[in-house]
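The values are calculated or read from the model by the stated rules, or taken from the named source; none is laboratory data. Here the structure is a predicted model, which means the values were calculated and not measured. Virtual Cβ from ideal backbone geometry, glycine too; neighbours counted across all protein chains shown.
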Amino acid sequence: MKTYSQKQAEVSREWYIIDANSQPLGKLAVIIADKLIGKSKVTYTPHIDNGDYVIVINAKDLKVTGNKMTDKMYYRHSGFPGGIKELTLAQIIEKDPGYAIKEAVRGMLPKNKLAADRIKRLRVFEGAEHTHAAQNPKEIK
């Protein structure tokens, strides 16, 4: 019995759609990361990017548990002394709801050369409408 190793030419990608108000942010990010990496496929090969496309709708209706809306902080720094900026999750969702989901998923992806291409296959939409109806995405419950 030999171990199967997928080739780049054999990769086939599917489209999935998931509703952001169905689960909390962490559980949602785990499902999305699994689909982007391709771990749920039997043809998974660590060094080949064989993940699928994921569409997330209703990002503005994102749910979290506990006090994360006020206690969870997002930091960025300008590079200058005293240039640290911080925003709460509630402020992030008000400003750009997709950012919170993308950052949660980015944190769950392996830190390697494939991560940038994987995160590009994540499409996040604020409302229930999306522009990928032609791809016939399968719904993830």
Of the residues that make up segment 126-141, is at least one modelled with pLDDT of 95 or more, under 18 Å from residue 26 (Cβ atoms) and either in contact with a Cys (Cβ under 7 Å, 6 or more places away or on another chain) or part of a helix (DSSP H, G or I) (or both)?
no
Go through segment 30-63 and report how many residues are among the β-branched types (Val, Ile, Thr) and under 17 Å from residue 7 (Cα atoms).
5
Sole miss for residue 112 among (1) assigned to a helix (DSSP H, G or I); (2) over 12 Å from the mean Cα position of the chain (by Cα) is condition (1)
Is it the case that residue 66 is within 30 Å of residue 2 (Cα to Cα), of a type outside the set (Val, Ile, Thr) and in a loop (DSSP other than H, G, I, E, B)?
no
Based on what the data block shows, is residue 68 surrounded by fewer than 15 Cβ atoms within 10 Å (Cβ to Cβ), over 17 Å from residue 16 (Cβ atoms) and among the charged types (D, E, K, R)?
no
